[in-house]
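Chemist: Structure incoming, see below.
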Amino acid sequence: MKRRPLLAGVLAISLIIVLVLWCAGTALISPVPRAVGNLPADLVGRSVDFPSESGSLIHGWLLPGQTGRGTIIVMHGVRATRLDMLDRARFLSLAGYSVLLFDFQAHGESAGKQITFGFLESRDAQAAVRFARATIPEKKIGVIGVSMGGAAALLASPSLSIDAIVFEQVYPTLNQAIGDRISMRLGPWSRSFTPLLSWQLFPRLGISGEALRPVDHAGQISAPKLFIGGAEDQHTTPEEMREMVAAAADPKELWMVPKARHVDLCRFAGAEYRDRILRFFDRHLRGVDEGPP
């Protein structure tokens, strides 16, 4: 008889845990619509929109650059918008590059029912590249993909038709990303809850965790790649960044930013970030090599 209250207690606790994790999953995939407003007055460009096979009409800004410099597409992270990419757009535009900023589906001013952590967003990445090539056809194209933006670029099928790409703090697999974030908040023991969150992908989004493994696609991109991570990042750990680099095809580079956690690396590293990014794109889009970073 004593076992019945114990069993009932265990079942009640288990149900509470499942409900809490289900609510957490709801919050994670909920869209983040947000008014972005006008292009800041210090930047010259125009508002653009283009259709995506994600089902969304993608909204963004296009900043024209100098002839022959190339176009850089900047792709924001989860629950962010193109506004978070403005610092990058400013120094790239000042260097003469054309820049395309946009909101992924279910973010900012681009409609969408659910965030899919790179799955549907990969179609937005493809649409952005197509739009850039059609709009500025004579120029080479580079990409900066931050976190989910980098995952979307990797998950695109077929692979993006680009000439160089920067990956910032991109998770190898969604399961690892979930485990890292749970562990940070509740301790290493909580990684055991990862399957309960990962399991929700199919009933909620119609996809499995196997569809969200950017690391499996890293070897398919032949364009030059620069991977950037924070040396003290717990969301996408240095070990996970090295895993991504090991899986990637040549040519590839890795820069681990000293003392950086999971932060905006452009703001954190400042001038060094700008210098490294410009050297990378100058070398691979313009053929200008000013020496190693």
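Chemist: Residues to consider are MET244, MET256; find the one that is touching a Pro at 6+ places or on another chain (Cβ under 9 Å) and under 26 Å from THR81 (Cβ atoms).
Modeler: After applying the criteria, what remains is MET244.
Chemist: Quickly run through the stretch 242-271 and pick out the residues that are in a helix (DSSP H, G or I), closer than 16 Å to SER147 by Cα and in contact (Cβ under 8 Å) with a residue 40 or more places away in the chain.
Modeler: GLU243, MET244, LEU265, CYS266, ARG267
Chemist: Here is a further query. Name the residue, out of ALA111, ALA106, ALA41, ALA132, that is in contact with a Pro (Cβ under 6 Å, 6 or more places away or on another chain) and farther than 18 Å from CYS266 by Cα.
Modeler: ALA106
Chemist: Right, next: Kindly list the number of the only condition in (1) at pLDDT 95 or above; (2) more than 24 Å from SER93 (Cα to Cα) that fails for PRO224.
Modeler: In the conditions (1) at pLDDT 95 or above; (2) more than 24 Å from SER93 (Cα to Cα), PRO224 misses (2) alone.
Chemist: Mind counting the residues in the stretch 38-87 that are surrounded by fewer than 16 Cβ atoms within 10 Å (Cβ to Cβ) and at pLDDT below 95?
Modeler: Residues meeting the conditions: 3.
Chemist: Given the criterion closer than 27 Å to LYS113 by Cα, modelled with pLDDT under 95 and polar (S, T, N, Q), identify the matching residue among SER192, SER198.
Modeler: Result of the check over SER192, SER198: SER198.
Chemist: Let me ask something else. Which count do you get for residues in the stretch 81-121 that are assigned to a loop (DSSP other than H, G, I, E, B) and touching a residue at least 60 places away in the same chain (Cβ under 8 Å)?
Modeler: Number of matching residues: 15.
Chemist: Moving on to the next point. What's the number of the condition GLY142 fails, among (1) at pLDDT 95 or above; (2) out of contact with any Gly (no Cβ under 7 Å at 6 or more places or on another chain)?
Modeler: Here GLY142 meets the rest and fails (2).
Chemist: Can you say whether MET256 is among the aliphatic types (A, V, I, L, M), at pLDDT 95 or above, in contact with a helix residue (DSSP H, G or I) (Cβ under 7 Å, 6 or more places away or on another chain) and surrounded by fewer than 17 Cβ atoms within 10 Å (Cβ to Cβ), as far as the supplied structure shows?
Modeler: Yes: the conditions hold for MET256.
Chemist: ASP124 versus (1) surrounded by fewer than 24 Cβ atoms within 10 Å (Cβ to Cβ); (2) in a helix (DSSP H, G or I); (3) not aliphatic (A, V, I, L, M): which is the lone unmet condition?
Modeler: It is condition (1) that ASP124 fails.
Chemist: Condition first: within 26 Å of ILE178 (Cβ to Cβ) and touching a strand residue (DSSP E or B) at 6+ places or on another chain (Cβ under 8 Å). Now tell me which residues in the stretch 265-293 satisfy that.
Modeler: Within the stretch 265-293, LEU265, PHE268 meet the criteria.
Chemist: Are any of the residues in the stretch 42-58 under 22 Å from TYR273 (Cα atoms) and assigned to a loop (DSSP other than H, G, I, E, B)?
Modeler: Yes, the stretch 42-58 has at least one match.
The values are calculated or read from the model by the stated rules, or taken from the named source; none is laboratory data. The structure displayed is predicted, hence computed values, not measured ones. Positions of Cβ are backbone-derived with ideal geometry, glycine not excepted, and every protein chain shown enters the neighbour counts.
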